Number of protein chains: 2
Amino acid sequence: MTTATHKRPASGEELAGGRRALRADARRNHEAVIAAAKKLFADQGLDAQMPDVARSANVGVGTVYRHFPTKHDLIAALVAERFERLAQKAREALQTEDAWEGISDFIRFCAQIQADDRGLCEVMGSRPDVMDAAARAAGLPELCDRLVKRAQRSGQLRRDLAWEDIPMIACGLGRITQATVGPATGRWPRLVEIILDGLRAPGSGRLPRCP
Amino acid sequence: MTTATHKRPASGEELAGGRRALRADARRNHEAVIAAAKKLFADQGLDAQMPDVARSANVGVGTVYRHFPTKHDLIAALVAERFERLAQKAREALQTEDAWEGISDFIRFCAQIQADDRGLCEVMGSRPDVMDAAARAAGLPELCDRLVKRAQRSGQLRRDLAWEDIPMIACGLGRITQATVGPATGRWPRLVEIILDGLRAPGSGRLPRCP
DNA sequence: ACTATAGCGGAATTTCGATTCCGCTTGTAG
DNA sequence: CTACAAGCGGAATCGAAATTCCGCTATAGT
């Protein structure tokens, strides 16, 4: 502070809400960081390092941190996007001619999306909080419920299945998509089909009550 | 080294092999460390810390490290023991009157043992190497193969199942036993039964080939 | 009981990754 | 074209764990 301070021009106030318009380079960097992070976390899982994200985005660490105050925030943003994609798929699944095809494709998709993204997979497995928030935000509970009800109404899905079983199944599937456990490697599509067979009506009627 | 060095008495050479008999307190501590580690890793997962293991065993960190040169070694020892237990269960399962009961109980047991041990569960999910070694050492591939063949011979298990599918299933189940993912919490016994339903003969015949 | 060791305890060191800090650069309004 | 604040880069800091080190203590053979 040397002499006079110019009056603040209240610049870029055109945006609705409280947020201010980002400078052009800032917006560009934001994109770059997200893109780089998406790839790194998908490939290396949650252990991918912030400095690597920065490097990979051609940006300094500081920049990454201005856009996402913590690693956790960055991950949450990525996860939110993936769950949005999932919700979209669920909506499509509700439009299929055949109800069984809808729900079974959705389940296959859950497995595939995790097979393609190790980071997502790890969040599912070890970050209940993040995942739960994202799922709710994307409206997945509601969507799963509708998928289940519809397939039950058409008589193709066992009656004793509850929508809560869907995230559970997705979660279990996620893990093996990543399994490099010798004999299990690359066999996950088989488990998907086994589970789907287990879901077909009428079922054995022995599902335990949820506790 | 001040004056004369007594001749080494080549003490405690009674043990076969190269290893020397452990001093009484050393043996005691070894047990204590294992016991403490078993509990800590089961409760807190692989993130449990070495200093905590030491404290919980009433022992210094140094002592833990004399018995297990690295954390990894300690974990491997614990895992080996769990897999031994698994193999034992598999052998029992081969003795049941009914073949289906044998294999289905074994699968339930795989889930339960992981539900009770978060550490084991995490190893299954993220330490292919450790897990693979332990499984082979315990003879599990062979045992799974026999369980599968036997249940197929009796016509109760779908024909297109391979023994490699068993570790895969166990692995997938392991994860949800730990899931604290809102809606999925505590529902894993349901997934076990769904999968078992999916395994019953004759099956839909659509299992993809392993790649 | 005596002494050479095996074995012990736990403070100090190392390692490594997230996050902070701050002087410099650049977009932008006037 | 200028001035100013928004943004930037990346070295330096912090923190958390694993692991090492070494003087001290207890065991066991004599």
TODO: Note down the relative contact order for region B:23-69 as a percent, whole number, built from C-alpha pairs under 8 angstrom at least six residues apart.
DONE: 38 percent
Task: Rel. contact order, % - alpha carbon contacts under 8 angstrom, at least six apart, region B:119-211 - done: 30 percent
- [ ] Quick one: with label points 7 Å out along Cα→Cβ, list the inter-copy distances for B:THR96 in nm, shortest first?
- [x] 3.3
Task: Total charge dipole magnitude, region A:79-199, about the Cα centre, Cβ charges on Lys, Arg, Asp, Glu only, Debye to nearest 20 - done: 120 debye
Open item on the list: Can you show me the helix-derived [θ] at 222 nm for chain A, built from DSSP H runs with n ≥ 4 at -39,500 (n - 2.57) apiece and divided by the number of residues, rounded to the nearest 500.
Closed with: -20500 deg cm²/dmol
Open item on the list: With +1 assigned to the C-beta of every Lys and Arg and -1 to the C-beta of every Asp and Glu, and no other charges, what is the dipole magnitude of chain B about the Cα centre in debye, to the nearest 20?
Closed with: 340 debye
Task: Per-copy distances of the A:ARG28 label point, shortest first, in nm (7 angstrom along Cα→Cβ) - done: 7.1
- [ ] Hey, can you grab everything whose amide H is under 5 Å from the amide H of A:LEU157? Only 5+ residues off in sequence or another chain; H modelled, so Pro and N-termini drop out.
- [x] A:GLN152, A:ALA201
Task: Cα→Cβ-extended label distance, 7 Å offset, between A:TYR65 and A:ASP52, nm - done: 2.0 nm
Open item on the list: List, shortest first and in nm to one decimal, how far the label point of B:GLU81 (7 Å from Cα along Cα→Cβ) is from its counterparts in the other copies.
Closed with: 4.5
- [ ] For B:GLU142 and B:SER154, compute 0.36 nm times the residue count separating them, minus their Cα-Cα distance, and round to one decimal in nm.
- [x] 2.5 nm
TODO: With the convex hull built on the Cα atoms of the protein assembly as shown, state its orientation-averaged projected area in nm².
DONE: 33.9 nm²
Task: Eligible lysines near B:LYS149 by straight Cα distance, threshold 23 Å, same-chain separation 8 or greater - done: B:LYS89
TODO: Pop a pseudo-label 7 angstrom from the Cα along the beta-carbon direction at both B:ASP116 and A:GLN88 and give the gap in nm to one decimal.
DONE: 4.6 nm
Task: Mean Cβ neighbour count within 10 Å, used as a protection proxy, ranking A:120-131, A:60-71 highest first - done: A:120-131, A:60-71
- [ ] Would you work out the relative contact order for chain A, in percent, from Cα pairs under 8 angstrom that are 6 or more residues apart?
- [x] 18 percent
Open item on the list: Checking the cross-link filter: which lysines have an alpha carbon closer than 26 Å to that of B:LYS71, excluding same-chain neighbours under 8 positions apart?
Closed with: B:LYS38, B:LYS39
- [ ] For region A:93-98, take each phi angle, set θ = phi - 60°, evaluate the Karplus expression 6.51 cos²θ - 1.76 cosθ + 1.60, and give the result in whole Hz per residue in order, putting x for glycine and proline.
- [x] 4, 6, 9, 4, 4, 9
Open item on the list: Which one, B:GLN49, B:ALA35, B:HIS67, projects farthest toward the positive side of the charge dipole computed for region B:23-69 from Cβ point charges (K/R +1, D/E -1)?
Closed with: B:HIS67
- [ ] Answer rounded, prolate or oblate for region A:79-199, using the Cα gyration tensor with square roots of eigenvalues a ≥ b ≥ c: rounded when a/c is under 1.5, else prolate when a/b is larger than b/c, else oblate.
- [x] oblate
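Every number here is computed from the coordinates shown, using simple stated rules; none is lab data. Since this is a predicted model, take the numbers as computed values, not measurements. Positions of Cβ are backbone-derived with ideal geometry, glycine not excepted, and every protein chain shown enters the neighbour counts.
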